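Q: Before we start, here is the structure in question, set down as structure tokens.
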Amino acid sequence: MAAPVIREADFVQSVADALQFISYYHPADYIAHLGRAYEREQSPAAKDAIAQILTNSRMCAEGHRPICQDTGIVNVFIKAGMDLRWDTHKSLQELVDEGVRRGYMDEDNRLRPSIVADPLFTRKNTGDNAPAVVHVELVPGNRVEVTVAAKGGGSENKSMLAMLNPSDSIVDWVLETVPHMGAGWCPPGMLGIGVGGTADKAMVLAKEALMQPIDMHELLERGPKNKLEELRIEIYEKVNALGIGAQGLGGLTTVLDVKIKTFPTHAASKPVAMIPNCAATRHAHFVLDGSGPVALEPPPLKTWPDVHWRPSKEARRVDLDALTREEVAGWKPGQTLLLSGRMLTGRDAAHKRLADLIKSGKGLPEGVDLKGRVIYYVGPVDAVRGEAVGPAGPTTATRMDKFTDFMLEKTGLFAMIGKAERGPAAIEAIRRHKAAYLIAIGGAAYLVSKAIRKARVVAFEDLGMEAIYEFDVKDMPVTVAVDSRGESVHETGPKIWGEKIQQQKIPVRVA
């Protein structure tokens with residue numbers, strides 16, 4: 001019998017189609033578990049955040065637009081059968097990268113290119129999100145199994161590795177490490193844990209673990225069958241008992257599942273890696289057998305729970321074009337604001353340029369006046385089909401901490417919008433300058449973008465998605481995370497809910 005032939009065009013198209021697919025369809029298992037978490041959540045702030053994530057997810061499935069503005073760095077795991085042939089002269093890396101270019105540059109649903117070449121010096125965007133990170137394994141058989149994932153920077157940046165002693169407790173290390181990860185990985189998500197091998201092998205195991213189906217609900221219903229499942233449950237329950245909650249606001253669900261993969265290791269070693277998947281978890285699996293490209297099956301809309309986020313009646317409307325220091329001082333931690341008017345955007349690269357310009361005495365670029373304004377830490381997806389802007393959720397604010405005091409002092413900025421917590425130095429700067437830090441919900445990028453009525457680039461166009469935009473927004477939902485007195489909900493929320501869970505013995509299971 002002739003060996004199956006994998007044609008270049010079929011492989012490339014399948015990779016491209018899979019990347020489009022995962023950009024707007026959450027895995028059904030994630031939606032089911034998140035829906036259960038929503039039903040049992042008791043923290044109002046966390047419940048509101050989960051409602052936004054679920055609403056955003058359905059909107060993306062219906063509108064075929066990205067779940068998150070950070071459409072990720074592509075990770076591909078390939079198991080290639082040794083009994084097949086390839087009809088190509090290209091390497092697997094080249095084939096995958098061509099699929100990435102085609103998938104990310106699709107004119108009907110352009111995905112944000114986030115990959116920069118030369119990571120040490122120029123950090124210039126490649127413009128097409130290639131190259132991907134590719135792992136290849138040769139296995140018996142006559143087919144190709146491919147797992148495609150898009151990993152956001154916020155969650156990838158929270159990857160952890162420890163070389164434990166053989167007698168050290170993995171549970172203790174996880175419980176010590178997770179609180180230090182903060183909320184930049186956009187919980188609720190899942191934890192992938194790799195144990196064994198060498199340091200590099202443990203990291204790959206952790207990433208592979210994230211590709212497995214979420215089944216904690218089913219596991220809790222039937223009970224563990226082995227020690228590894230017992231360990232998964234123990235870590236799952238103890239992490240949730242920390243009270244970190246959705247977006248780090250405090251609540252019952254921080255993780256929906258914990259996955260663990262192991263590999264034999266040296267007798268003197270216990271490498272342990274942990275990588276979180278965020279609320280925009282994106283991956284798909286397909287098989288090529290030589291019969292043509294693969295078409296993935298979309299989840300039916302009935303998969304999504306009947307959750308449709310609306311702002312609460314208590315939400316406070318804010319006119320950004322008439323904002324005063326006195327109004328900012330009246331904002332309370334945890335309060336929902338609906339912002340209308342004009343705001344500027346700016347991320348890492350833009351902040352560095354602005355700081356360099358100010359220090360050199362050149363001043364801010366034309367069109368960039370931050371006095372009395374709000375800046376949004378965002379790198380949006382390009383607009384398509386008449387949109388003002390594509391999905392435009394927040395980026396992790398801690399990366400701008402190093403600029404915060406300088407920007408508040410030199411520009412007259414009133415407030416910042418991002419996601420996750422701020423560090424101690426940034427909080428002190430906010431308190432000293434009587435400013436505020438607001439959060440938009442990570443994992444609700446398409447929902448947020450619907451509040452943006454107009455968008456135009458005003459500076460640093462060469463930075464691509466990191467350029468400075470001016471947005472004109474209408475009722476953009478945000479939460480006050482750090483008020484003008486320096487109180488942070490990312491400190492008070494988890495503390496309150498961690499104590500409630502312990503004192504009241506609130507169960508932290510999804511079953």
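The values are calculated or read from the model by the stated rules, or taken from the named source; none is laboratory data. Bear in mind that the values here come from a model prediction, so they are computed numbers and not experimental data. Ideal geometry is used to build each Cβ from the backbone, glycine not excepted, and the neighbour counts take in all protein chains shown.
Q: Any idea which of ASP306, ASP348, ASP289, ASP356 is without any contact (Cβ under 8 Å) to a residue 40 or more places away in the chain and either in the same structural domain as ILE214 (by TED's automatic domain parsing) or touching a Lys or Arg at 6+ places or on another chain (Cβ under 9 Å) (or both)?
A: ASP356
For every residue, the table says whether it meets (1) part of a strand (DSSP E or B); (2) closer than 27 Å to ILE73 by Cα.
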position: LEU191; (1), (2): yes, yes
position: GLY194; (1), (2): yes, yes
position: MET203; (1), (2): no, yes
position: HIS217; (1), (2): no, no
position: LEU220; (1), (2): no, no
position: GLU229; (1), (2): no, no
position: LYS238; (1), (2): no, no
position: PHE263; (1), (2): yes, yes
position: ALA280; (1), (2): no, yes
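Q: Output the qualifying pairs, or none if there are none: Cβ atoms under 7 angstrom, residues six or more apart or on different chains, first residue in segment 447-476 and free of Cβ contacts under 8 Å to residues at least 24 places away in the same chain, second residue hydroxyl-bearing (Ser, Thr, Tyr).
A: Cβ pairs passing all conditions: ARG456/TYR469; VAL457/TYR469.
Q: Let me ask another. Counting just the residues of segment 10-34 that are aliphatic (A, V, I, L, M) and crowded, with 23+ Cβ neighbours inside 10 Å, which one comes out farthest from ASN75 (Cα to Cα)?
A: For segment 10-34, the residue satisfying everything is LEU34.
Q: How many of the residues making up segment 418-433 are surrounded by fewer than 24 Cβ atoms within 10 Å (Cβ to Cβ) and either in a loop (DSSP other than H, G, I, E, B) or at pLDDT below 95 (or both)?
A: Adding up the residues that qualify gives 2.
Q: So which pairs qualify, if the first residue must be in segment 241-253 and assigned by TED's automatic domain parsing to the domain that holds GLY35 and of a type in the set (Ser, Thr, Tyr), the second must be assigned to a loop (DSSP other than H, G, I, E, B) and buried (at least 24 other Cβ atoms within 10 Å of the Cβ), the Cβ gap must be under 9 Å, and the two must be at least 6 apart or on different chains?
A: These pairs meet every condition: THR253/PRO187; THR253/PRO188; THR253/GLY245; THR253/VAL510.
Residues are listed down the side, and each one gets a yes or a no for (1) over 22 Å from ILE50 (Cβ atoms); (2) in the same structural domain as ALA445 (by TED's automatic domain parsing); (3) among the aliphatic types (A, V, I, L, M):
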| position | (1), (2), (3) |
| --- | --- |
| LYS151 | no, no, no |
| ALA162 | yes, no, yes |
| THR177 | yes, no, no |
| LEU228 | yes, no, yes |
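Q: May I ask you to verify whether LEU364 is buried (at least 16 other Cβ atoms within 10 Å of the Cβ) and modelled with pLDDT of 95 or more?
A: No.
Q: Now for a different question. With (1) of a type in the set (Lys, Arg); (2) out of contact with any Leu (no Cβ under 9 Å at 6 or more places or on another chain); (3) more than 16 Å from GLN69 (Cα to Cα) as the list, and ARG112 as the residue in question, which single condition is left unmet?
A: Every condition holds for ARG112 apart from (3).
Q: Considering each of ALA45, ALA61 in turn, give the residue that is more than 21 Å from LEU19 (Cα to Cα) and either of a type outside the set (D, E, K, R) or surrounded by 17 or more Cβ atoms within 10 Å (Cβ to Cβ) (or both).
A: On the way: ALA61 fails: more than 21 Å from LEU19 (Cα to Cα).
Answer to the check: ALA45.
Here is a yes/no grid of residues against (1) charged (D, E, K, R); (2) more than 26 Å from ASP70 (Cβ to Cβ):
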| site | (1), (2) |
| --- | --- |
| ASP289 | yes, yes |
| LEU301 | no, no |
| HIS308 | no, no |
| GLU314 | yes, yes |
| ALA322 | no, yes |
| TRP331 | no, yes |
| LEU339 | no, no |
| ALA355 | no, no |
| LYS371 | yes, yes |
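Q: Turning to a different aspect of this structure: Answer yes or no as to whether LEU408 is modelled with pLDDT of 95 or more, of a type outside the set (Phe, Trp, Tyr) and part of a helix (DSSP H, G or I).
A: yes
Q: Something else about it: Among the residues of segment 274-282, are any within 25 Å of the chain's Cα centre (by Cα), modelled with pLDDT of 95 or more, of a type in the set (A, V, I, L, M) and in the same structural domain as ALA162 (by TED's automatic domain parsing)?
A: Checked against the condition, which is being within 25 Å of the chain's Cα centre (by Cα), modelled with pLDDT of 95 or more, of a type in the set (A, V, I, L, M) and in the same structural domain as ALA162 (by TED's automatic domain parsing), segment 274-282 yields at least one hit.
Q: Under the condition of being part of a loop (DSSP other than H, G, I, E, B) and crowded, with 17+ Cβ neighbours inside 10 Å, which residue from segment 316-333 is farthest from the chain's Cα centre (by Cα)?
A: Out of the qualifying residues, it is LEU323.
Q: Right, another one. Can you report the number of residues in segment 434-455 which are under 28 Å from ILE22 (Cα atoms), over 17 Å from the mean Cα position of the chain (by Cα) and assigned to a strand (DSSP E or B)?
A: Counting residues in segment 434-455 that are under 28 Å from ILE22 (Cα atoms), over 17 Å from the mean Cα position of the chain (by Cα) and assigned to a strand (DSSP E or B) gives 4.
Q: For segment 88-172, list the strands (runs of 3 or more DSSP E) that sit wholly inside it and hold at least 1 residues that are among the hydrophobic types (A, V, I, L, M, F, W, C) and loosely packed, with under 15 Cβ neighbours inside 10 Å; which are they?
A: Output list reads 133-139, 160-164.
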